[in-house]
Amino acid sequence: MKRDRLITMMEIAIMAGIGGVLSYYVALRLWPQGGSASLAMVPIVILAFRRGWVAGVVCGLLVGLINLMISPYITHPIQVVLDYPLPYALLGLAGWFRPVDEKGAISIKRMGLGVTIAGLARLIPHFISGVVWFGSYAPEGWPVVLYSLCYNASYLVIDVLVTIILMSYLLKKAPQLVASR
Amino acid sequence: MSPLSAPVLGQYVPGDSILHRLDPRTKIVVIFVYMLIVFLANNGITYGLLIVTTSVGVFLSGVPILMILRGLKPVFILIAFTACLHLFFTKGGEVLFSMGPITIEEKGVMQAGWISLRFMLLVVTGMLLTLTTSSIDLTDGMERLLTPLRRVGVPAHELALMMSISLRFIPTLWEETNKIMKAQQARGADFESGSIFKRLKSFIPVLIPLFVSAFRRAEELALAMEARGYRGGQGRTRLRKLTFTGNDSIAFILLFLLVIGLIGLRSQ
């Protein structure tokens, strides 16, 4: 087993643990249905920038599963996959937009772009889950698609903004976090 | 936001009930199938059958009812919300109540009742799994269930290893986060006042040491594992082996009978 691979695996594990812990530091409570702004995106995004998108996706997957084990709210069998492992895993896609180049110059713009794309990717499964959920629980004729989109976007926008603000401070103060050796 | 006092332990309630002793693989599969077949129920008899099986499950788990009700609390709002939607917006059948533009009709009441019931059944069953299975057992169970997927490139062993390490370190990281927050507060950090920007910025002196020490810890872990000869999943032995017992077969047989019963008794 290559040493780099093992270190990456351990970094994924520990960062996922931090993700699990940060999920509990709720910054703002928004909706009764469980949407809330939290800092859980930050460790996943850092790891994705540091070790590439695959590591980010795996880390997100673990954070989703940890949340599922610790506070499961299961209302539909498909919803389980769409609301827990999948959206967090997609956050790892931020790794496509590494904000540090070979010379060590930092681009806040690229970071913002990466986090925004990751946030949009995370919206997709939450949105589908909302449509499926409301499709099977709401009365017929209810504007399911619109409701799901508004509800999910409302807290994801805040999550993405919080993450971007925190990440720009972090990149400025501690760029070594995203520079893998 | 203040440093949190409660440690993250998940919902697991240690115990020695029949449900606790079932193989985690059995519990995962049975509960997953159960959640799918809940949607087959569409009349009094089939819902009755599900209520009986879920209640028996809760009884067998030996978990105090009060604890389950407490776990249900956050979901009640959601249940009430959907029930109200149906009460007012699903039309059909006799008009039971009308006041101005608001009417409540027979079909709305029925739908509201069935859907709240289905909701509760799903949430309670999901809770039964995490209440009676420790997260380490769940991880073991998932690893074994995913093992056949290794052929198509799913690294089941590695995923399970990372998962166990994550779960193992959550209490440690939790404590560390609190310690750093307290240390920074002792230096005058303020996490609770000011504008949103200021509050977010106040987290930076917590996050940086947290992440730096996390990366250091990851490197130490990798070193310790290599020193002990870790070289991937191939041929690795385990401390605790999962074994199927008679109870697991009984669980699968009961599930099978329940599926047949639901299909036979549901109205077409």
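Hey, among the residues in the range B:189-221 that are modelled with pLDDT under 90 and more than 18 Å from A:Leu161 (Cα to Cα), which one's most open to solvent (accessible area, probe 1.4 Å)? Here the residue is B:Glu192. Scanning the range A:102-136 for residues that are touching a residue at least 60 places away in the same chain (Cβ under 8 Å) and within 30 Å of B:Val109 (Cβ to Cβ) yields a total of 1.
Confirm whether A:Leu28 is under 22 Å from A:Asp83 (Cβ atoms), open to solvent by 20 Å² or more (accessible area, probe 1.4 Å), in a strand (DSSP E or B) and at pLDDT below 95. So A:Leu28 fits the description; yes. Restricting attention to the range A:124-143 and to residues that are more than 9 Å from chain B (Cβ to nearest Cβ) and open to solvent by 30 Å² or more (accessible area, probe 1.4 Å), the residue that is modelled with the lowest pLDDT turns out to be A:Gly135. For the range B:170-188, filtering for residues that are open to solvent by 50 Å² or more (accessible area, probe 1.4 Å) and hydrophobic (A, V, I, L, M, F, W, C) leaves 1. Residues in the range B:62-82: is at least one open to solvent by 60 Å² or more (accessible area, probe 1.4 Å) and in a strand (DSSP E or B)? Within the range B:62-82, not a single residue is open to solvent by 60 Å² or more (accessible area, probe 1.4 Å) and in a strand (DSSP E or B). With respect to the numbered conditions (1) buried (at least 23 other Cβ atoms within 10 Å of the Cβ); (2) more than 25 Å from B:Val124 (Cα to Cα), which one is the sole condition not fulfilled by A:Leu120? Of everything listed in (1) buried (at least 23 other Cβ atoms within 10 Å of the Cβ); (2) more than 25 Å from B:Val124 (Cα to Cα), A:Leu120 misses just condition (1).
Screening the range B:224-243 for residues that are open to solvent by 100 Å² or more (accessible area, probe 1.4 Å) and not charged (D, E, K, R) and picking the one that is nearest to the other protein chains (Cβ to nearest Cβ) gives B:Gln234. Counting only helices (runs of 4 or more DSSP H) that sit completely within the range A:65-181, those holding 2 or more residues that are more than 28 Å from B:Arg118 (Cβ to Cβ) correspond to A:85-91, A:108-137, A:144-173.
In the range B:83-115, of all residues being open to solvent by 50 Å² or more (accessible area, probe 1.4 Å) and part of a loop (DSSP other than H, G, I, E, B), the one that is farthest from the other protein chains (Cβ to nearest Cβ) corresponds to B:Gly100. When the residues of the range A:65-92 are narrowed to those that are open to solvent by 30 Å² or more (accessible area, probe 1.4 Å) and more than 14 Å from chain B (Cβ to nearest Cβ), which ends up farthest from B:Val30 (Cα to Cα)? Taking the candidates together, the pick is A:Leu90.
B:Leu129 meets each of the listed conditions (1) at the interface with another protein chain (Cβ under 10 Å from one of its Cβ atoms); (2) free of Cβ contacts under 8 Å to residues at least 60 places away in the same chain; (3) under 24 Å from B:Val13 (Cα atoms) apart from (2). Test B:Leu210 against the criterion of being within 14 Å of another protein chain (Cβ to nearest Cβ) and under 17 Å from A:Ala13 (Cα atoms), and give yes or no. In short, yes. With respect to the conditions (1) buried (at least 18 other Cβ atoms within 10 Å of the Cβ); (2) within 14 Å of another protein chain (Cβ to nearest Cβ), A:Ala174 lacks only one, and its number is (1). The set of residues in the range A:144-171 being facing chain B (nearest Cβ under 9 Å) and either of a type in the set (S, T, N, Q) or touching a residue at least 40 places away in the same chain (Cβ under 8 Å) (or both) consists of A:Val162, A:Leu166, A:Leu170.
The values are calculated or read from the model by the stated rules, or taken from the named source; none is laboratory data. Small disclaimer: the values here were computed from a predicted structure and weren't measured. Counting neighbours? That spans all protein chains shown, and the Cβs are built from the backbone with ideal geometry, glycine included. Areas reflect the complete protein model, heavy atoms only, side chains present, ligands, DNA and RNA absent. Shrake-Rupley method; radii C 1.70, N 1.55, O 1.52, S 1.80 Å.
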